[in-house]
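A.B. asks: The structure under discussion is supplied below as structure tokens; questions concerning it will follow.
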Amino acid sequence: MADASSAAPPWLESYIGLIDSRIAARVGPGTHSLEKAVAGALSGGKRVRAVLALLWCEMVSGDFSAAIPVAAAYEFAHAAALVQDDIVDGSDSRRGEQSIVKKYGLRSAILASNVLLAYVPREISEYGTSGPNGGAKLAKLFELLGDSYAATVLGESLDLELAENKDAGEKDYENMIELKTGALIGASSASGVVVGGGLGSAQLVDAAYRFGESLGMAYQVQDDLLDVLGDEQVLGKPVFADIRGGKKNLVLIHTMQRCSADDREFLTGLPASGGRLAKSDIDRAKRLFAMYGSINHARNVAAGYVTRARSMLDPMAPSLARSRLSELCDYLTDRKY
């Protein structure tokens with residue numbers, strides 16, 4: 001279901017294939033429109049949360065197989081969040097295709113997100129309560145998933161508030177992406193440790209969470225940069241899509257805090273175009289972003305998050321999984337789509 005970029009590490013495809021097989025076995029293509037909407041919501045994507053769960057489990061135990069159910073659970077949760085995000089934003093496209101809400105309608109999109117969320121506890125239930133610390137493991141998994149999903153929803157709400165806040169600053173943005181993007185990626189990483197046998201080490205669980213959270217924040221900043229600088233054919237959507245929709249990303253916030261009143265008025269008025277921007281407006285905005293160093297600033301911020309993520313790996317013993325986690329940092333923050 002998921003596509004791997006040509007720039008992706010060669011080993012990544014096998015991990016993604018495991019998750020895709022798990023998802024396909026659980027969901028299937030379906031014939032009813034609702035089943036098709038659910039399957040469509042799970043199509044595509046990089047399976048970031050799932051792969052991180054597998055790798056952290058592998059680093060702790062030497063084997064990733066125990067993390068397959070919880071990895072799938074996070075993909076279901078993430079897919080539900082994306083459907084809800086498109087509903088709230090009124091987005092017509094997702095990953096170069098029609099969004100679920102555009103293709104199947106609002107009612108089907110709402111129901112599809114509910115079905116996706118229903119699969120989450122079904123996957124977690126695979127761990128049961130048997131074996132050593134079975135009940136404690138199950139409790140920790142539900143704690144991580146519940147808290148992180150609630151954080152994601154709050155982050156979505158803050159993203160909407162940020163769009164309306166003329167005085168939004170970088171701290172507001174950082175708080176928003178920590179919740180909206182960092183939380184689920186952090187929790188999936190920590191869950192890999194839990195099912196890999198690391199429940200008894202709170203320090204290790206926290207390190208995995210902080211790794212994923214920081215990497216997720218870097219991932220979001222890279223999304224901001226792609227929205228401004230990306231190739232539309234590669235992205236599968238128009239550039240400036242978020243800005244057209246009224247979203248405030250790091251590049252825009254950095255420039256608006258430094259530019260003249262006239263330029264600030266111009267940037268503030270971009271969403272008023274109703275989704276249509278002249279090439280001259282896009283070119284002017286790009287010149288402003290470059291003039292005030294906002295592109296380089298965003299790149300430096302993303303690099304700082306990656307450095308923070310990698311620091312979580314420093315105390316870990318050398319292993320193939322550790323090397324792959326470090327490699328994933330480069331791939332996810334240097335991607336072109």
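A.B. asks: Pick from segment 82-108 the residues that are part of a helix (DSSP H, G or I) and over 23 Å from E161 (Cα atoms): which of them is nearest to the chain's Cα centre (by Cα)?
C.D. replies: Filtering segment 82-108 for residues that are part of a helix (DSSP H, G or I) and over 23 Å from E161 (Cα atoms), the one nearest to the chain's Cα centre (by Cα) comes out as I100.
A.B. asks: Still on this model: In segment 58-101, which residues are charged (D, E, K, R), buried (at least 22 other Cβ atoms within 10 Å of the Cβ) and closer than 24 Å to G128 by Cα?
C.D. replies: E58, E75
A.B. asks: Also, quick follow-up: Among the candidates R335, R324, R258, single out the residue that is touching a residue at least 12 places away in the same chain (Cβ under 8 Å) and closer than 19 Å to D223 by Cβ.
C.D. replies: Residue meeting the stated conditions: R335.
A.B. asks: Follow-up. Name the single residue that is surrounded by the fewest Cβ atoms within 10 Å (Cβ to Cβ) among those in segment 162-197 being at pLDDT 95 or above and among the charged types (D, E, K, R).
C.D. replies: K171
A.B. asks: Hey, another quick one. Please go through (1) surrounded by 14 or more Cβ atoms within 10 Å (Cβ to Cβ); (2) more than 26 Å from K36 (Cα to Cα); (3) of a type outside the set (K, R); (4) modelled with pLDDT under 95 for Y104 and return the number of the only condition it doesn't satisfy.
C.D. replies: In the conditions (1) surrounded by 14 or more Cβ atoms within 10 Å (Cβ to Cβ); (2) more than 26 Å from K36 (Cα to Cα); (3) of a type outside the set (K, R); (4) modelled with pLDDT under 95, Y104 misses (2) alone.
Table: residues versus (1) farther than 27 Å from D86 by Cα; (2) of a type in the set (S, T, N, Q).
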{"residue": "H32", "(1), (2)": "no, no"}
{"residue": "A37", "(1), (2)": "no, no"}
{"residue": "S43", "(1), (2)": "no, yes"}
{"residue": "R47", "(1), (2)": "no, no"}
{"residue": "L55", "(1), (2)": "yes, no"}
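A.B. asks: Among the residues of segment 305-322, count how many are surrounded by 14 or more Cβ atoms within 10 Å (Cβ to Cβ), of a type in the set (A, V, I, L, M, F, W, C) and in a helix (DSSP H, G or I).
C.D. replies: Result for segment 305-322: 3.
A.B. asks: Of everything in segment 294-309, what is touching a helix residue (DSSP H, G or I) at 6+ places or on another chain (Cβ under 6 Å) and without any contact (Cβ under 8 Å) to a residue 60 or more places away in the chain? Give them in sequence order.
C.D. replies: S294, H297
A.B. asks: OK, next. Quick one: would you say V221 is within 28 Å of A72 (Cα to Cα) and crowded, with 22+ Cβ neighbours inside 10 Å?
C.D. replies: It is true that V221 is within 28 Å of A72 (Cα to Cα) and crowded, with 22+ Cβ neighbours inside 10 Å.
A.B. asks: Only one of (1) at pLDDT below 90; (2) loosely packed, with under 13 Cβ neighbours inside 10 Å is not met by E265, so which one is it?
C.D. replies: If we test E265 against (1) at pLDDT below 90; (2) loosely packed, with under 13 Cβ neighbours inside 10 Å, just (1) comes out false.
A.B. asks: Let me ask something else. Residue check, A302 against (1) assigned to a loop (DSSP other than H, G, I, E, B); (2) surrounded by 13 or more Cβ atoms within 10 Å (Cβ to Cβ); (3) within 26 Å of the chain's Cα centre (by Cα); (4) not aromatic (F, W, Y), all met but one. Which one?
C.D. replies: (1)
A.B. asks: While we're here: Tell me whether segment 188-196 contains one or more residues that are of a type in the set (S, T, N, Q), touching a residue at least 12 places away in the same chain (Cβ under 8 Å) and not in a helix (DSSP H, G or I).
C.D. replies: No, that holds for no residue.
A.B. asks: Hey, another quick one. Please indicate, with yes or no, whether at least one residue in segment 155-171 is among the aliphatic types (A, V, I, L, M) and within 19 Å of R47 (Cα to Cα).
C.D. replies: no
The values are calculated or read from the model by the stated rules, or taken from the named source; none is laboratory data. In this text, all values refer to a predicted model and were calculated from it rather than measured experimentally. So basically every Cβ, Gly included, is an ideal-geometry build from the backbone, and we count neighbours across all protein chains shown.
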